[in-house]
Amino acid sequence: MPFLAVMPVFSQEIKKGEQFEVSVFLNAESEAINAVEGKVVFPADVLELKEIRDGNSIINFWVERPKNNGNQIIFSGIIPGGYQEANGHIFSVAFQARQDGTSTIEIRDAKILLNDGNGTPSKTAIFNFQFSIFKPALDNDTDLPEDFKPEIASDPSIFEGKWFLVFGTQDKGLGIGHYEAQENKKNKIGGEKWLAVESPFLLKDQELKSFIFVKVIDKAGNERIVVVEPRYPIRWYGQPLIWSIIILGIIILYIVKKTLWKK
């Protein structure tokens, strides 16, 4: 008896947030198959459809090319001359796992017609794909992202020639989540808001007098912070606070000397 089946393209453990691919194929069981149609129904709350791929299909003529319709993929096609082999690839679908749990991708309303000149319907067996999605074990990943060294650069073709920062690193656990950065003129984290950034990152301080802090956070929540020192640091005599202290000291010294002179 011919059968239609949904099977994973690669045998893998499916984790939440990851993509995986399944193939819809026909096993003719030595019968000559002329046409096939049906629906692939998937749980839209669990899976997000990313792409339908019909390359290298045994279908020579699509009556209805596989297309998404809500939570189902409708397909219908003809194989002139008939198909009598096993593992006949019809099309594949790439999904992304939305949430952890167990569910099924099903074939429904399937119909297989024989290549006997009359298009006689064949008895058809169906094999659905039951799968489980696992939540990543974040608590087991305590390794920090790898150390890295951001670089200040400029290029006429990027940000109109303004100064920007390029950076990047790797994580041996679940992978990099995102990057954040802040700029300030004190070699101290805080005071400025962390901003979500990507490389290249346009610098706010185009005079390059600020310290730049870059934070990388992996998907397990581990983070590493690196600092880029200012290319043109502010000298002590260029800091208003220092001059305020000096002037205040002079005023106090003057008042003290004047008071002692009167005595």
Could you give the nm distance between label points at Gln12 and Leu253, where each point is 7 Å from its Cα heading toward the beta carbon? 7.2 nm
Signed unit charges on C-beta, dipole axis of the chain, positive-most listed residue Tyr179, His89, Gln206: Gln206
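Using alpha carbon coordinates only, what is the Rg to Rh ratio of the stretch 3-135, with Rh defined as the Kirkwood radius?
Working: Rg = 15.0 Å, Rh = 15.1 Å.
Result for the stretch 3-135 is an Rg/Rh of 0.99.
So for the chain: antiparallel DSSP bridges make up what percent, rounded to the nearest 5?
Details: 71 of 76 bridges.
So the antiparallel bridges amount to about 95 percent of the total.
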In a shell of Cβ-Cβ distance under 12 Å around Ala196, excluding Ala196 itself, what net charge do Lys and Arg (+1) and Asp and Glu (-1) give? 0
Toy charge model, Lys and Arg Cβ at +1, Asp and Glu Cβ at -1: the stretch 1-56 dipole around Cα centroid in debye, rounded to 20, equals 120 debye
Would you calculate the separation in nanometres between label points at Val63 and Glu51, each defined as 7 Å from the Cα along the Cα-to-beta-carbon direction? 2.9 nm
Points 7 angstrom from Cα along the Cβ direction at Lys149 and Gln84: gap in nanometres? 6.8 nm
Check cross-link reach from Lys149 to the lysines: straight Cα distance under 21 Å, and skip same-chain residues fewer than eight apart. Lys162, Lys172, Lys185, Lys186, Lys188, Lys204, Lys209, Lys215, Lys219
Give, rounded to the nearest 20 debye, the magnitude of the charge dipole that the stretch 142-232 has about its Cα centre when Lys and Arg contribute +1 at Cβ and Asp and Glu contribute -1 at Cβ. 320 debye
Alpha-carbon Debye profile of the chain, log10 I(q)/I(0) at 0.11 Å⁻¹: -0.80
Dipole of the stretch 113-197, positive end: most advanced residue of Trp163, Thr124, Leu195 [Cβ charges, Cα centre]: Leu195
What order, most packed first, do the peptides 150-160, 208-218, 171-181 have when packing is the mean number of other Cβ atoms within 10 Å of each residue? 208-218, 171-181, 150-160
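Values in this text are rule-based calculations from the coordinates and carry no lab data. Source: prediction; values computed, not measured. Backbone-built Cβ (ideal geometry, glycine too); neighbour counts: all protein chains shown.
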